[in-house]
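A short worksheet on the structure shown next.
Nothing in this text is a laboratory measurement; each read-out follows from the coordinates by a stated rule. Just so it is clear, the model here is predicted, and its values are computed rather than measured. Glycine also receives a Cβ, built like all others from the backbone with ideal geometry; neighbour counts cover every protein chain displayed.
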Amino acid sequence: MQFAPCGGDCGFARSLESQPTLIAPDLMADTSRTLQQTVDGRIASGELRHDAAQANAIVVLDDLLVQLAEPRLGNKSSALGWLFGKKPTVSLDTPRGLYLWGGVGRGKSMLMDTFYELAPTQPKKRVHFHAFMQDVHARIHEWRQGQKKKQSGTGDPIVPLAVEIAEEAHLLCFDEFTVTDVADAMILARLFTGLFERGVTVVATSNVDPDLLYKDGLNRSFFLPFIDVVKDRMHVVELASDTDHRMEKLINTDVYFVDDRAGFDALWADMRGEKPEGEAEIELRGRKLSVDKAAGGVARMGFDALCRAPLGAGDYLALAERFHTLFIDGIPVMEHADRNAAKRFITLIDTLYEARRVVIVEAAARPSGLYPIAHGTEAFEFDRTISRLREMQSREWLDGAKS
């Protein structure tokens, strides 16, 4: 779910009164059930397994549900006040959010998604953090274009952007929170400070300790205030479980399907779980790489889109950085005429192998039969691909796959 791009001249103009506005809970939401009760019910039904490591996070999220259900006074100080240096203050009754971090497959997204369903707050939004930041940069660009048309100078888009987003969502839930891009790093502290000052509560899942966000990044000293903002406005909880629920789904399950689309589709549905599925885009130096289907850290793409399109190692690396698991379907038996596609497939598997990613395949043949050509450079290099595809099916590989 992405935020819609701004309309009009993207000036983010708002006529806001300074008096408090009562924010009432969504009367249609079921506030009678707690997260603990919901998780216990799913454990009893066999849908989930008990994991004691999740207990602390559940307590924090249930307490947050109670706070969100209470009517509160929203801080609606004027955007003009910000522009003229008057510092808004965070309303004392704005609930602190949660930064939930830990390894892949520990149940972070499941807990956040269940919390989101139960949360009585309206409006609310749940979005992949990468998609959120793409939308933020698109809005900033459109705002600057609007300023040029009005000949209003450059100005600072962050304050009015924070105002607009805060009006669209009083509760923001982010999946896969991470910071690797310098453009993101430079604006996060100001943007999130603006959101918190507008009474927004943020819940986020991440694989990274907040102290290690944007580690070794360019100009990281300018990013460090954001870490302080996170710790001040969000409870930080580590989900330190020894159980990788994601990998448990692959126990005694094939990850390489030969002419078995039904089995491949079933595993996709199982791995995706209840996460919303949709298309995704990855920004790559002025162009976009489209992903057919994505759900959290899991993506699905066809062979033709990956290997017959003019993609290279940089594209595949971007996929590996964004997703921990890649489903690839429609891999054919390749002939000599397909050598360019075979070259790309070799590069794709090499990249995913070096990144220690999980690869789930639907193909027309076992690895040794995918390129039955005995001569040429591709034939020699494909031997390495066969070996790596076999290794990536092993339990040892799946156990060691990186977050």
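Listing for the model above:
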| item | result |
| --- | --- |
| Long-range amide H partners of VAL208 with built H, under 5 Å | GLY102 |
| Across LYS108/LYS293; LYS215/LYS343; LYS108/LYS215; LYS125/LYS275; LYS125/LYS150; LYS125/LYS231, pairs whose alpha-carbon gap is larger than 24 Å | LYS215/LYS343; LYS125/LYS150 |
| Of all DSSP beta bridges in region 279-391, antiparallel share, percent nearest 5 | 45 percent |
| Partner aspartates and glutamates for LYS288 [C-alpha distance under 18 Å; skip if fewer than 8 residues away on the same chain] | ASP135, GLU142, ASP181, ASP184, GLU279, ASP304, ASP315, GLU321 |
| Listed residue (LEU317, PHE382, PRO372) projecting farthest to the positive dipole end of region 284-403, Cβ model | LEU317 |
| Segment LYS293-GLU117, extension gain: residue separation times 0.36 nm, minus the distance between their alpha carbons | 61.1 nm |
| FRET efficiency for LEU317 and ASP228, using Cβ-Cβ distance with R0 set to 30 Å, rounded to 0.05 | 0.45 |
| FRET E, pair VAL333, THR180, Förster distance 41 Å, beta-carbon r, rounded to 0.05 | 0.65 |
| Alpha-carbon radius of gyration plus Dmax, which is the widest Cα pair, for region 249-400 in Å | 14.8, 46 |
| Length released on extending from ILE373 to VAL59, taking residue separation times 0.36 nm less the Cα-Cα span | 107.2 nm |
| Nearest-0.05 FRET efficiency for GLU277 and ALA305, computed from C-beta distance (R0 22 Å) | 0.85 |
